[in-house]
Amino acid sequence: MPFPFRTGRTRFAVAAAALTLSLTALAGCSDSGGGGGGSSSAPATPPSLVPATTSPPAGGGVKVSIKDFKFRPAKQTVAPGARITVTNDDTTTHTMTATKGKAFDTGDIAPGKSATFTAPSKAGAYPYDCTIHPFMTGTLTVK
Ligand SMILES: [Cu+2]
């Protein structure tokens, strides 16, 4: 053969394919960080010394939890004047506020905290939302 063989040079191009799998692992938000108030030097009060001024309401308590920008349950029927405890299990501040005439309003509930309010004494359906995130809605029915 008249052709000279040309040996192709094997170039070893090692492309370092850096596969960065950035998995955003959201750990369960059971973190109850207390806000880290710098100069909080309040002494802890022994539980035995707390005066029992308020008696627990009859009929137990109604509970609402907020998680993943949702009220759970979003619809609930309660007795007039029921005590309702709202726990914020989310990672951002929420409120539970009646949209009609502010029949109830928890105010800001920090993550990991809870707030208690009294249901209206008048029967009816009370739609509510979170004033910070108005797309979060629910209905409290009193009867
Ligand atoms: Cu909210």
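The values are calculated or read from the model by the stated rules, or taken from the named source; none is laboratory data. Everything quoted here is computed from the prediction, not taken from an experiment. A quick note on method: Cβ atoms are made from the backbone with ideal geometry, for glycine too, and the neighbour counts reach across all protein chains shown. Side chains are part of the model used for accessible areas, which takes the heavy atoms of the whole protein and leaves out ligands, DNA and RNA. Shrake-Rupley method; radii C 1.70, N 1.55, O 1.52, S 1.80 Å.
Filtered by the rule that a residue be assigned to a loop (DSSP other than H, G, I, E, B) and at pLDDT 95 or above, the range 89-102 gives 89, 90, 91, 92, 93, 95, 96, 99.
Being touching a Gly at 6+ places or on another chain (Cβ under 8 Å) and within 16 Å of residue 61 (Cα to Cα) is a property that residue 110 lacks. Among the residues of the range 81-103, those that are open to solvent by less than 10 Å² (accessible area, probe 1.4 Å) and under 11 Å from residue 119 (Cβ atoms) comprise 84, 98.
Could you tell me how many of the residues in the range 104-127 are of a type in the set (Gly, Ala, Ser) and either open to solvent by 60 Å² or more (accessible area, probe 1.4 Å) or over 20 Å from residue 79 (Cβ atoms) (or both)?
6
Among the residues of the range 103-143, those identified as more than 17 Å from residue 65 (Cβ to Cβ), more than 14 Å from the ligand (Cβ to nearest atom) and not β-branched (Val, Ile, Thr) are 103, 120, 121, 122, 123, 124, 125, 126, 127, 143. Of everything in the range 77-96 that is in contact with a Gly (Cβ under 8 Å, 6 or more places away or on another chain) and closer than 12 Å to residue 140 by Cα, the residue that is nearest to the ligand (Cβ to nearest atom) is 96.
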